[in-house]
Amino acid sequence: MIPKTKTKTQPTRAEVMAQADERRALMTARRAQGATYRVIGQEFGISTSRVRQIIEVDQSRRLLKNQEPNRVSLPSRVRLALSYSIEEPEDEDRRSATSSSPAGWPRTPSEIFTAA
């Protein structure tokens, strides 16, 4: 009889993403404390340029999240499709004059997202 060996299970995608988020937050915190990219890179075992990239992405995500909190939750392809398919009218009069949507349908992004 062949003995059963314990198989190592792969971490789930959610676990991997949580670890990456934690690492990114630690790097950003170390940078805020005044650590250089070189020191942070040595602590995490990565290059200084990779540390800079990770911190810049984290800062841009935080900035975007603060400016437009709902935008971050949409994938970039969905945001792009929405930007092509939805146009803001110039003013209220023009919207009612040029509307081709059936009565009662939302016409602007703000109406679409608040209609739910």
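What follows is calculated from the coordinates using simple rules that are stated; it is not laboratory data. Note that this is a predicted model, so its numbers are computed, not measured. Glycine also receives a Cβ, built like all others from the backbone with ideal geometry; neighbour counts cover every protein chain displayed.
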Q: Against the globular-protein guess of 2.2 N^0.38 Å, express the Cα radius of gyration of region 25-71 as a ratio, rounded to two decimals.
A: 1.24
**Q.** Order of THR48, THR12 under a 10 Å beta carbon neighbour criterion, fewest first
**A.** THR12, THR48
